[in-house]
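Report on the structure given below.
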Amino acid sequence: MKGRFITFEGSEGSGKSTQIGLVDRYLKRKGRKVLFLREPGATRISEQVRRILLDVGSAGMSDECETLLYMAARAQLVREKIIPALREGVVVLCDRFLDSTVAYQGYGNGVDIGWIKELGRFTTGGVTPDLTFFFDIDAKKGLGRIRRPKDRIERRSILYHDRVRTGYRTLARQEPGRIKLIKVDGNKEEIHLVVRKHIDSLLGL
Ligand SMILES: Nc1ncnc2c1ncn2[C@@H]1O[C@H](COP(=O)(O)OP(=O)(O)OP(=O)(O)O)[C@@H](O)[C@H]1O
Ligand SMILES: [Mg+2]
């Protein structure tokens with residue numbers, strides 16, 4: 001595939017959307033074709049699945065159902081948007097991807113991680129990010145940054161969110177080539193410069 005696939009991961013309020021926006025602007029300035037996506041969502045079908053997943057009215061959803069719905073939304077996104085864009089040479093930026101399911105449903109809920117990764121290969125058809133940023137923030141600090149009403153997942157306990165963070169850190173240790181752990185102490189521009197260094201190196205800018 002001619003394009004490049006870059007994902008942005010981390011707990012609530014860690015700065016994913018802020019940094020993805022800065023990268024989007026930077027790459028467009030450099031004349032690159034960029035596609036900016038978010039998970040779960042970014043296709044008509046996947047956005048409908050997102051509503052079910054994040055709705056506080058979905059209380060009582062089983063861990064298994066939750067895992068499969070995230071995968072379902074992702075399967076559609078990969079085939080409808082990501083693969084076609086990568087074939088055309090676009091730089092695809094995605095706010096969350098499979099690592100989120102490993103961190104939230106695996107480390108957070110306790111769903112078997114080996115199984116999530118196996119199902120992940122079916123879901124993604126083997127599409128793997130070329131580069132992943134993990135914005136590492138204290139769970140409480142991150143949640144404290146959110147000003148809007150919290151969704152079903154964000155409402156979970158600090159203990160849950162601590163397990164998610166531990167999960168991300170484990171993934172970053174296991175795959176240091178792909179996953180870059182970014183410390184979030186620093187302002188948006190300082191963090192953007194660190195992010196940009198990795199992007200420049202991947203894209204040869
Ligand atoms: N480096 C930073 N320093 C201080 N505040 C920041 C920084 N980066 C982002 N913020 C602020 O923190 C809040 C959360 O940032 P952002 O929405 O980018 O995070 P997110 O990881 O996308 O969160 P969400 O889980 O809600 O999607 C926003 O109000 C944003 O302006
Ligand atoms: Mg966001």
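Odds and ends about this structure:
- Under the condition of being of a type outside the set (A, V, I, L, M) and within 16 Å of ligand 2 (Cβ to nearest atom), the residues counted in the range 26-45 number 5.
- Checked against the criterion of being open to solvent by 20 Å² or more (accessible area, probe 1.4 Å), within 12 Å of ligand 1 (Cβ to nearest atom) and farther than 30 Å from R51 by Cβ, the candidates D200, D185 yield just one match: D185.
- When residues in the range 3-18 are screened for being in a strand (DSSP E or B) and charged (D, E, K, R), 2 of them pass.
- Screening D151 with (1) in contact with a helix residue (DSSP H, G or I) (Cβ under 6 Å, 6 or more places away or on another chain); (2) in contact (Cβ under 8 Å) with a residue 24 or more places away in the chain; (3) in a helix (DSSP H, G or I); (4) not hydrophobic (A, V, I, L, M, F, W, C) gives one miss only, at (3).
- Any chance R96 is open to solvent by less than 20 Å² (accessible area, probe 1.4 Å) and basic (K, R): no
- The single residue among R51, R44 that is closer than 21 Å to S11 by Cα, surrounded by fewer than 19 Cβ atoms within 10 Å (Cβ to Cβ) and either of a type in the set (D, E) or free of Cβ contacts under 8 Å to residues at least 40 places away in the same chain (or both) turns out to be R51.
- Residue match in the range 17-37 (condition: open to solvent by 50 Å² or more (accessible area, probe 1.4 Å), hydrophobic (A, V, I, L, M, F, W, C) and within 16 Å of ligand 1 (Cβ to nearest atom)): yes
- Taking the numbered list (1) within 19 Å of L54 (Cβ to Cβ); (2) over 15 Å from the mean Cα position of the chain (by Cα); (3) within 16 Å of ligand 1 (Cβ to nearest atom); (4) not hydroxyl-bearing (S, T, Y) in turn, R96 passes all entries but (2).
- Yes/no for T101 being in contact with a Leu (Cβ under 8 Å, 6 or more places away or on another chain), within 30 Å of L27 (Cβ to Cβ) and either modelled with pLDDT under 95 or among the hydroxyl-bearing types (S, T, Y) (or both): no
Listed here are the residues, each with its yes/no results for (1) open to solvent by 10 Å² or more (accessible area, probe 1.4 Å); (2) among the charged types (D, E, K, R); (3) under 30 Å from L203 (Cβ atoms).
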site	(1), (2), (3)
I82	no, no, yes
V102	no, no, yes
T123	no, no, yes
R145	yes, yes, yes
L159	yes, no, no
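- Filtered by the rule that a residue be out of contact with any strand residue (DSSP E or B) (no Cβ under 9 Å at 6 or more places or on another chain), touching a residue at least 40 places away in the same chain (Cβ under 8 Å) and open to solvent by less than 20 Å² (accessible area, probe 1.4 Å), the range 59-77 gives E66, T67, M71, R74.
- Search result, residues across the range 161-203 that are of a type in the set (G, A, S), part of a helix (DSSP H, G or I) and free of Cβ contacts under 8 Å to residues at least 60 places away in the same chain: A172, S201
- Residues of the range 164-179 that are surrounded by fewer than 19 Cβ atoms within 10 Å (Cβ to Cβ) and of a type outside the set (G, A, S): T166, R169, T170, R173, Q174, E175, P176, R178.
The values are calculated or read from the model by the stated rules, or taken from the named source; none is laboratory data. A quick note: this is a predicted structure, and the numbers were derived from the prediction, not measured. Here the Cβ is made from the backbone with ideal geometry for all residues, glycine too, and neighbour counts use every protein chain on show. The accessibility values were calculated without ligands, DNA or RNA, using every heavy atom of the protein model including side chains. Shrake-Rupley method; radii C 1.70, N 1.55, O 1.52, S 1.80 Å.
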